[in-house]
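Written below as structure tokens is the structure these notes are about.
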Ligand SMILES: Nc1ncnc2c1ncn2[C@@H]1O[C@H](COP(=O)(O)OP(=O)(O)OP(=O)(O)O)[C@@H](O)[C@H]1O
Ligand SMILES: [Mg+2]
């Protein structure tokens, strides 16, 4: 199957978006005429321009955006690395898995909002709060995915590593991580998208800055256009990260795993015949 | 082609010696399955020893014990060059294993797979690695494909790369577990030829322990044939083979040897092929 980007696929991607904008415009112009609550596309566009000009009511939008992105990156990066390493360990040693299995289920089952409140009580209004809440939430599924991936490594390959006396470092970086790379990219993709959503919730509840605060502010003022504008921006960020980092990574891994035409000549005719 | 006299192993010296090996596994019905009840086995240095036995008799398990991957329930000795493997686990670094399947890492090229093994067994000095790899990839006719991924080459080529992964370490003992059994007969015959050429090309022959359940393969390769009974297995027949290579399957000597082995199997192990 060919998954590359062509003019035709771009057009197909853009079509429903264009249709949605049209419906949106028609609805807010003719039916739901109440621009504060139901912002028009033009209204949202104006807000986007204001954001890009770094104009806003409570501090510079750029500073807020930077705070949010920083939190997201730290929490996601830290959670991902820690969960992956622990996951590898848990996939190898049953007692590590058993040790973490309840905490992981609790981390996954308790809603992020509750975590934010718990940490607020423990730490007060601190930078740590949303970061920790995010880390826990993002780390849990990554941990499970990694442990599962490591546990599914074939016995034959493990025996090969044992026989060739492959050391710990070598095993981690050249065996386990490449083996679970497809799981990891999928994990990273999903958890990053998830993280964008959760970081805002954490900010609305527990922090003095960040995009979540702006959204809270506009929501209190019952003015929706900037909220939609920020929503679009976050979506765009998610898409850009996905498109520029995760998608190429996943493509590369898939290419490595699948047979592909050799760059040099194919096995010579006689070995072909032998296989037949 | 090398002189025939070189092909006879330097007689006498023992490379591997197993004494009174005991091993059992739990079976599905809750009982135990005895694999060895006091098995003794000696392997001569520089020999091409073929372990011949029916499926399930414990041939792979024997190689795993020699490689230190598995501990028997008990054994009087597991000696490599006169030292016990259980006291000196590092002795298994002189061994390299070729498995029934290639067992290559699919995200590494054939050369990188070979390097993986070199790094693991810690072959020194490192600057020899490129030269070693080039030499042995050339020896099995894979020079052109060194930088291909396993998925880009045929099954036979993958198995050749697995042989290179073992051979580049220049191990003192090569453990080979039915390395050609899943290849078609024509490819397998070519691989046997390559293997024997590799083995004979060296001044001092490496010790090869080659497992198979294929009588004809044993007759084509071995300097020593060791025949195992079904589990609990013991050695029921053993002989030296002093035939020159290449051995043609249709030649009278090889056919006679096969006949003899078949007969020994039927009489002593109660297995008919
Ligand atoms: N880890 C294990 N647990 C339980 N039983 C085992 C284990 N490993 C091997 N066995 C049993 O030990 C016996 C010998 O196994 P082994 O793989 O050594 O046989 P083999 O001679 O190599 O057979 P084949 O020719 O089919 O490869 C078999 O009956 C197998 O079921
Ligand atoms: Mg076997």
Inset, instruction - Restrict the check to the stretch B:15-32 and report whether at least one residue is within 12 Å of ligand 1 (Cβ to nearest atom), away from chain A (no Cβ under 14 Å) and under 30 Å from residue B:220 (Cα atoms). - result: no
Inset, instruction - For the stretch A:226-240, state whether one or more residues are more than 14 Å from every other protein chain (Cβ to nearest Cβ) and modelled with pLDDT under 85. - result: no
Legend entry - Condition broken by residue B:61, with the remaining ones in (1) within 14 Å of another protein chain (Cβ to nearest Cβ); (2) away from ligand 1 (no atom under 12 Å from the Cβ); (3) crowded, with 17+ Cβ neighbours inside 10 Å; (4) not in a loop (DSSP other than H, G, I, E, B) satisfied: (2)
Legend entry - Scan of the stretch B:82-101 for residues that are more than 9 Å from every other protein chain (Cβ to nearest Cβ), more than 16 Å from ligand 1 (Cβ to nearest atom) and in contact with a helix residue (DSSP H, G or I) (Cβ under 9 Å, 6 or more places away or on another chain), ordered by number: B:83, B:84, B:85, B:94
Inset, instruction - Considering (1) within 16 Å of ligand 1 (Cβ to nearest atom); (2) within 12 Å of the chain's Cα centre (by Cα); (3) not in a helix (DSSP H, G or I), say which one residue B:231 fails and leave the rest. - result: (2)
Legend entry - Those residues of the stretch B:133-150 which are at pLDDT below 90 and assigned to a helix (DSSP H, G or I), in sequence order: B:139
Legend entry - Qualifying residue in the stretch A:171-193 (condition: within 18 Å of residue A:96 (Cβ to Cβ), within 13 Å of chain B (Cβ to nearest Cβ) and more than 28 Å from the chain's Cα centre (by Cα)): no
Legend entry - Within the stretch B:64-81, tally of residues that are within 14 Å of chain A (Cβ to nearest Cβ), within 18 Å of residue B:209 (Cα to Cα) and more than 14 Å from ligand 2 (Cβ to nearest atom): 1
Legend entry - Filtered residue count, the stretch A:180-208, keeping only those that are surrounded by fewer than 18 Cβ atoms within 10 Å (Cβ to Cβ) and in contact (Cβ under 8 Å) with a residue 40 or more places away in the chain: 6
Inset, instruction - Among residues belonging to the stretch B:173-188 that are away from ligand 2 (no atom under 16 Å from the Cβ) and more than 28 Å from residue B:42 (Cα to Cα), point out the one that is surrounded by the most Cβ atoms within 10 Å (Cβ to Cβ). - result: B:187
Inset, instruction - Run residue B:271 past the list (1) surrounded by 21 or more Cβ atoms within 10 Å (Cβ to Cβ); (2) within 16 Å of ligand 2 (Cβ to nearest atom) and report the number of the one that doesn't hold. - result: (1)
Legend entry - Residues (within 16 Å of ligand 2 (Cβ to nearest atom), surrounded by fewer than 17 Cβ atoms within 10 Å (Cβ to Cβ) and assigned to a loop (DSSP other than H, G, I, E, B)) located in the stretch B:12-58: B:55, B:56
Inset, instruction - Might you check whether a residue that is surrounded by 21 or more Cβ atoms within 10 Å (Cβ to Cβ) and either in contact (Cβ under 8 Å) with a residue 60 or more places away in the chain or part of a helix (DSSP H, G or I) (or both) occurs anywhere in the stretch B:122-131? - result: no
Inset, instruction - Would you be able to say whether some residue in the stretch B:168-177 is touching a residue at least 60 places away in the same chain (Cβ under 8 Å), within 10 Å of chain A (Cβ to nearest Cβ) and not in a loop (DSSP other than H, G, I, E, B)? - result: yes
Legend entry - Selection within the stretch B:123-161 - under 21 Å from the mean Cα position of the chain (by Cα) and at the interface with another protein chain (Cβ under 9 Å from one of its Cβ atoms): B:155, B:156, B:157
Legend entry - Filter result (more than 7 Å from ligand 1 (Cβ to nearest atom), touching a helix residue (DSSP H, G or I) at 6+ places or on another chain (Cβ under 9 Å) and under 17 Å from residue B:72 (Cβ atoms)) within the stretch B:33-58: B:36, B:39, B:41, B:43, B:51
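Within the stretch B:185-207, identify whether any single residue is within 16 Å of ligand 1 (Cβ to nearest atom), free of Cβ contacts under 8 Å to residues at least 40 places away in the same chain and part of a helix (DSSP H, G or I), and answer yes or no. Break it down stepwise before answering.
So in the stretch B:185-207, the residues within 16 Å of ligand 1 (Cβ to nearest atom) come out as B:188.
So of that shortlist, the ones also free of Cβ contacts under 8 Å to residues at least 40 places away in the same chain come out as B:188.
If we keep only those that are part of a helix (DSSP H, G or I) too, we end up with B:188.
Yes, some residue in the stretch B:185-207 is within 16 Å of ligand 1 (Cβ to nearest atom), free of Cβ contacts under 8 Å to residues at least 40 places away in the same chain and part of a helix (DSSP H, G or I).
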Inset, instruction - Those residues that are closer than 26 Å to residue B:62 by Cβ, surrounded by fewer than 21 Cβ atoms within 10 Å (Cβ to Cβ) and within 9 Å of chain B (Cβ to nearest Cβ), I need them from the stretch A:145-170; list them, please. - result: A:154, A:156, A:157, A:159, A:162, A:165, A:166
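The values are calculated or read from the model by the stated rules, or taken from the named source; none is laboratory data. Remember, predicted model here, so these are calculated numbers, not experimental data. Every residue, glycine as well, gets a Cβ built from its backbone with ideal geometry; the counts of neighbours run over all protein chains shown.
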